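The values are calculated or read from the model by the stated rules, or taken from the named source; none is laboratory data. Small disclaimer: the values here were computed from a predicted structure and weren't measured. Counting neighbours? That spans all protein chains shown, and the Cβs are built from the backbone with ideal geometry, glycine included.
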Amino acid sequence: MFTDVYLRDLGNLFGQGTVNLNQFGIPFTIFAVVGMCNAFNMLDGKDGLAGSVAVIIISSILLLLYLNGIIYNWGLILILSLAVFLAFNLNLFGQQQKIFLGEHGSSSIGHLIAWNLVYLSQATDFITPVHALWFVFFPLTDALLTITRRIRFSQSIVKADRRHLHHILSDRGFSDRRILVIVVFISILGAIGAVIANLLGTPDYYLFYGYVTVLICLLLLSNAQS
């Protein structure tokens, strides 16, 4: 309310015109930002996961703005800060120098990314809210799939478990480094897809239906394997 920056609309979500939120804009924005904070908190289960995904998302936003002739200094500060953290978190300086994000750190990263996307999709015309789905493809999708699994097994959606992708891969014998590579690869695909879709001017409803289709396919695959 103080900044007047919040989700006023969701773009042309269904191909029938812009979906305006009106009086629901502020509560929906709070819901979306808190949701992204929790998504990154859920992701922070292995060394380097949350930090690496955050670097990819911010770097893709930085690239998109650069292609539009804008130097995003705040994004550079975030990337450099996270790069220093990752150097210690991934033991580049030895186990004795290792540091962690913790719940506050991971939630703060989600908060920063969420508000960057809210601002860029509302206060500027560089991206739309639907592009944000693809920028944060991995943390958002992993959180939605995990919550869906918890509901399916009649478990509280806020109770910690091992139904995240990184836990599933770990239980199947994947090393932490290999899991990190897989997560980074998926995140890069989502971020690159968002940038390309933006540059090509892909309609919002194509991106939205595309995301829903991918999510449904992953849900069906998850149910078949559980």
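Quick notes on this one:
- Residue pairs meeting the criteria (Cβ under 8 Å; at least 6 apart or on separate chains; first basic (Lys, Arg), in region 172-187; second modelled with pLDDT under 95): Arg178/Leu169
- Close pairs from region 63-75: first closer than 13 Å to Ile127 by Cα, partner among the polar types (S, T, N, Q) and modelled with pLDDT of 85 or more, Cβ under 7 Å, at least 6 apart: Leu64/Asn198
- Of everything in region 112-130 that is surrounded by 21 or more Cβ atoms within 10 Å (Cβ to Cβ) and among the small types (Gly, Ala, Ser), the residue that is modelled with the highest pLDDT is Ala114.
- Only one of Leu144, Leu221, Leu169 that is part of a helix (DSSP H, G or I) and modelled with pLDDT of 90 or more: Leu144
- Matching residues, region 85-133, being among the β-branched types (Val, Ile, Thr), more than 15 Å from Arg8 (Cα to Cα) and either in contact with a strand residue (DSSP E or B) (Cβ under 9 Å, 6 or more places away or on another chain) or not in a loop (DSSP other than H, G, I, E, B) (or both): Ile109, Ile113
- Members of region 147-166 found to be basic (Lys, Arg), surrounded by 15 or more Cβ atoms within 10 Å (Cβ to Cβ) and assigned to a helix (DSSP H, G or I), listed by number: Arg149, Arg150
- Residues in region 172-218 that are outside any helix (DSSP H, G or I), at negative phi and loosely packed, with under 12 Cβ neighbours inside 10 Å: Arg172, Ser175.
- A single entry from Leu92, Leu78 fulfils the requirement of being under 30 Å from Ser170 (Cα atoms), crowded, with 21+ Cβ neighbours inside 10 Å and free of Cβ contacts under 8 Å to residues at least 40 places away in the same chain: Leu78.
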